[in-house]
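The values are calculated or read from the model by the stated rules, or taken from the named source; none is laboratory data. If you're wondering where the values come from, they're calculated on a predicted model, not measured in any experiment. Glycine also receives a Cβ, built like all others from the backbone with ideal geometry; neighbour counts cover every protein chain displayed. These accessible areas exclude ligands, DNA and RNA; they are computed on the full protein's heavy atoms, side chains included. Shrake-Rupley method; radii C 1.70, N 1.55, O 1.52, S 1.80 Å.
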Amino acid sequence: MAQRRVVVTGMGVVSPVGNTVEEAWDSVKNGRSGVGPITLFDTEEFPVKIAAEVKDFDPERYGLSSRDLRKTARFTRFLVAASAQAIQDAGLSKEQISSGKAGIMVGNCIGGLDAIEEGYKNYFDESRGPFRMPPLIAPEYLINEAAANVSMMFGFRGPSYTLGTACASGTDAIGAALDLIRSGRLDVCLSGGTEAIINGFGVASFALLHALSSHYNDQPQKASRPFDKDRDGFVMGEGSAVLMLEELEHAQKRGAKIYAEIAGYGASSDAYHITAPLKDGSGAAMAVKAALEDAGMKAEEIQYYNAHGTSTHANDSGETSMLKLVFGDYAKKLHISSTKSMTGHLIGAAGAIEALFCVKAINDGFVPPTINLENPDVEGGCDLDYTANKGLSVEINAAASASLGFGGHNGCLVIKKFL
């Protein structure tokens, strides 16, 4: 029996570079950064004063009432908005969504950290006491809250899952959705990621690890510089991106437009370190090779690779080593870029927005740039073609996107032009 094919029929995004798919894609095509001074909290005592915040976001535009806003965390609002876009884009009816064969698979790393921070402040305030916390704080901070609210708002009656594998969460969620549809459990799955941890607690936590850029506070748009010799850490981002995945025949029967095909998925674990990747890239290489095998493709059939490319020394050199392991000599011909140079690092949503950009790259025949790549870190092993500073028009029949998360979680998707 032939394996069920899975295609993309809808997309939605809320991001630092735009709150629609077209806005976000236009920004990354043209190398526009979404990084700026932090406005969500007072950074006076912080060494890190910049982040890639979502801007001009109006949750009520997507059906979230003032009552809804009082009982939802920021990461939930982002997912609701991106999901509303994807559902409308896919043209799915209420009956199709509520059939029981339509589900949700969302990647998220931390949950409602804004709600947690507010709750802790009240809990430890002796003048207020532990029971002056917001009454709905528990459902606000649970990582499944975002998917649950999407289910309730739009009527998804099939399974609704939340998957947490650190910075690989969004990629793994799409991969898991692919498997759910291939297995026949679902015909349709809203899949992607969401994250919102730009607050004092979130930024301080990562700053303590010396993971965040702090040398470019006066030049925020220069701070995220993957593969560059002068990089000093990643830039915290936030937002949500989702793809509507659908079994091919189901999509064709209802006359849906098809953007691309999700051809393969692979995952692996480094089994090495809680924050650092394997230096030789061998752990991540297992995931990419597994995705290619799942897709039934050779490495040389990939034209574009959207890099995890965080702008940290450990990631960028290790990921380059991984590409050489997987692609061999062809790695020198592969078109590579890190869109995190513009979006910042969306943590649990990173793989989802990068998969979305792969779909757009295939559709437009365009490789977005890695901005701020002024002095490639050749001595540090970053010696491939990362599409520095200016995008490139080129035919793309297949793209791959990998995500490498804390704890050694690796995931990779292979996305093909639909033929």
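Residues that are surrounded by fewer than 20 Cβ atoms within 10 Å (Cβ to Cβ) and either among the acidic types (Asp, Glu) or within 16 Å of residue 166 (Cα to Cα) (or both) do not occur anywhere in the range 303-318.
Check whether at least one residue in the range 135-144 is in contact with a His (Cβ under 8 Å, 6 or more places away or on another chain) and within 27 Å of residue 354 (Cβ to Cβ), and report yes or no. No, every residue in the range 135-144 fails to be in contact with a His (Cβ under 8 Å, 6 or more places away or on another chain) and within 27 Å of residue 354 (Cβ to Cβ). Against the test of being basic (Lys, Arg) and surrounded by fewer than 20 Cβ atoms within 10 Å (Cβ to Cβ), the options 340, 390 yield a single qualifying residue, 390. For first residues located in the range 302-324 and free of Cβ contacts under 8 Å to residues at least 12 places away in the same chain and over 14 Å from residue 285 (Cβ atoms), partners that are of a type outside the set (A, V, I, L, M, F, W, C) and open to solvent by 10 Å² or more (accessible area, probe 1.4 Å) and lie 6+ apart or on another chain with Cβ distances below 7 Å do not occur.
Provide a single number: the residues in the range 310-356 that are part of a helix (DSSP H, G or I), hydroxyl-bearing (Ser, Thr, Tyr) and closer than 17 Å to residue 408 by Cα. Qualifying residue count, the range 310-356: 3. List the residue pairs whose Cβ atoms are under 8 Å apart, where the first residue sits in the range 32-54 and is under 11 Å from residue 200 (Cα atoms), the second is part of a strand (DSSP E or B), and the two are 6 or more positions apart or on different chains. Within 8 Å, the pairs are 38/50; 38/51; 40/51; 43/37; 48/212; 48/236; 49/37.
Which of the residues belonging to the range 277-296 are open to solvent by 30 Å² or more (accessible area, probe 1.4 Å), closer than 25 Å to residue 228 by Cβ and either assigned to a helix (DSSP H, G or I) or not basic (Lys, Arg) (or both)? Answer for the range 277-296, where residues must be open to solvent by 30 Å² or more (accessible area, probe 1.4 Å), closer than 25 Å to residue 228 by Cβ and either assigned to a helix (DSSP H, G or I) or not basic (Lys, Arg) (or both): 277, 278, 280, 282. Looking across the range 391-419, just one residue is part of a loop (DSSP other than H, G, I, E, B) and within 15 Å of the chain's Cα centre (by Cα), and that is 406. Criterion applied to 299, 241, 271 was being open to solvent by less than 20 Å² (accessible area, probe 1.4 Å), in contact with a Gly (Cβ under 9 Å, 6 or more places away or on another chain) and more than 26 Å from residue 151 (Cβ to Cβ), and the one residue passing it is 299. Within the range 353-367, residues that are open to solvent by 10 Å² or more (accessible area, probe 1.4 Å) have Cβ atoms under 8 Å from residues that are of a type in the set (Lys, Arg) in these pairs: 364/29; 366/29; 366/360, counting only partners at least 6 apart in sequence or on another chain. With respect to the conditions (1) assigned to a loop (DSSP other than H, G, I, E, B); (2) surrounded by fewer than 17 Cβ atoms within 10 Å (Cβ to Cβ); (3) touching a residue at least 40 places away in the same chain (Cβ under 8 Å), residue 128 lacks only one, and its number is (3).
A count restricted to the range 177-206 and to residues that are within 21 Å of residue 262 (Cβ to Cβ) and open to solvent by less than 20 Å² (accessible area, probe 1.4 Å) stands at 11. Restricting the range 393-408 to residues that are polar (S, T, N, Q) and more than 17 Å from residue 175 (Cβ to Cβ) leaves a set whose member that is surrounded by the most Cβ atoms within 10 Å (Cβ to Cβ) is 397. Within the range 189-211, restricting attention to residues that are under 11 Å from residue 237 (Cα atoms) and among the aliphatic types (A, V, I, L, M), the residue that is nearest to the chain's Cα centre (by Cα) is 196.
Would you say residue 411 is touching an Asp or Glu at 6+ places or on another chain (Cβ under 6 Å) and surrounded by 21 or more Cβ atoms within 10 Å (Cβ to Cβ)? Spelling it out, residue 411 is indeed touching an Asp or Glu at 6+ places or on another chain (Cβ under 6 Å) and surrounded by 21 or more Cβ atoms within 10 Å (Cβ to Cβ).
Among the residues of the range 30-81, the one identified as among the hydroxyl-bearing types (Ser, Thr, Tyr), open to solvent by less than 10 Å² (accessible area, probe 1.4 Å) and either farther than 20 Å from residue 353 by Cβ or in contact with a His (Cβ under 6 Å, 6 or more places away or on another chain) (or both) is 72.
If you check residue 235 against the conditions, is it within 16 Å of residue 52 (Cβ to Cβ) and in contact with a His (Cβ under 7 Å, 6 or more places away or on another chain)? When the stated conditions are applied, residue 235 passes them.
Restricting attention to the range 298-309 and to residues that are in a helix (DSSP H, G or I) and out of contact with any Leu (no Cβ under 7 Å at 6 or more places or on another chain), the residue that is nearest to residue 358 (Cα to Cα) turns out to be 301.
In a residue-by-residue description of the range 79-91, the property of being in a helix (DSSP H, G or I), of a type in the set (D, E, K, R) and at pLDDT 95 or above applies to at least one position.
Of the residues 104, 110, 97, 116, the single one that is closer than 24 Å to residue 409 by Cβ and open to solvent by less than 20 Å² (accessible area, probe 1.4 Å) is 104. Determine, yes or no, whether residue 90 is in contact with a Ser or Thr (Cβ under 9 Å, 6 or more places away or on another chain), over 26 Å from residue 340 (Cβ atoms) and crowded, with 21+ Cβ neighbours inside 10 Å. Yes: the conditions hold for residue 90. Of the residues making up the range 131-151, those that are in contact (Cβ under 8 Å) with a residue 40 or more places away in the chain, among the aliphatic types (A, V, I, L, M) and open to solvent by less than 30 Å² (accessible area, probe 1.4 Å) are 146, 147, 150.
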